[in-house]
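Single-structure report; data block below.
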Amino acid sequence: MRSQAKDIVTLRLSHCRAERAAQEARYHLAVMHYRSCLETAERREDCQAVQFFALRLAECYEQMNLNAKARAFRDLAQCAAAQPDRQWLSRPDSDGPAAAPLH
């Protein structure tokens, strides 16, 4: 139970930092924090949070003119919304999200 509480606190802090960085147009920093949030959401198997943070990442990447990465995170958000009972892997490598759910 303590681990879950720690995850929630960490998630909230990372989310606040990401929002602030995005508001200040510090998108590289926002991406770092949003990715942390996305990983936490995945560990918690929270598909709604995965969708939310994937969309935030897509918005940051669009602002950075990294359209392929933005599109990949939008696709991840759509997959999470369409199949909420599946686990998701946000990035098999450092370049972006996996396109398909894990079985």
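In the condition set (1) in contact with a Ser or Thr (Cβ under 6 Å, 6 or more places away or on another chain); (2) surrounded by fewer than 16 Cβ atoms within 10 Å (Cβ to Cβ); (3) of a type in the set (Gly, Ala, Ser), Ala5 is compliant with all but (1). When restricted to residues that are over 18 Å from Gln23 (Cα atoms) and surrounded by 22 or more Cβ atoms within 10 Å (Cβ to Cβ), the stretch 48-69 contains 1.
Suppose the filter is at pLDDT below 95 and aliphatic (A, V, I, L, M); does Ala72 pass it? Here the answer is no, as Ala72 does not meet what is asked.
Only one of the numbered conditions (1) modelled with pLDDT of 95 or more; (2) assigned to a helix (DSSP H, G or I); (3) not charged (D, E, K, R) is violated by Ala5, and that is (1). Give the stretch 70-84 a look and list any residue that's surrounded by 18 or more Cβ atoms within 10 Å (Cβ to Cβ), touching a residue at least 24 places away in the same chain (Cβ under 8 Å) and of a type in the set (Gly, Ala, Ser), or say none. Hits for the stretch 70-84 are Ala72, Ala77, Ala80. The number of residues in the stretch 41-69 being touching a residue at least 40 places away in the same chain (Cβ under 8 Å) and of a type in the set (Gly, Ala, Ser) comes to 1. Contact map, the stretch 29-40: first residue over 14 Å from Met64 (Cβ atoms), second residue in a helix (DSSP H, G or I) and among the acidic types (Asp, Glu), Cβ cut-off under 6 Å, separation 6 or more or different chains; pairs are Thr40/Asp7. Condition check for Phe73 on (1) closer than 21 Å to Gln83 by Cβ; (2) outside any helix (DSSP H, G or I): one failure, at (2).
The values are calculated or read from the model by the stated rules, or taken from the named source; none is laboratory data. Everything quoted here is computed from the prediction, not taken from an experiment. Positions of Cβ are backbone-derived with ideal geometry, glycine not excepted, and every protein chain shown enters the neighbour counts.
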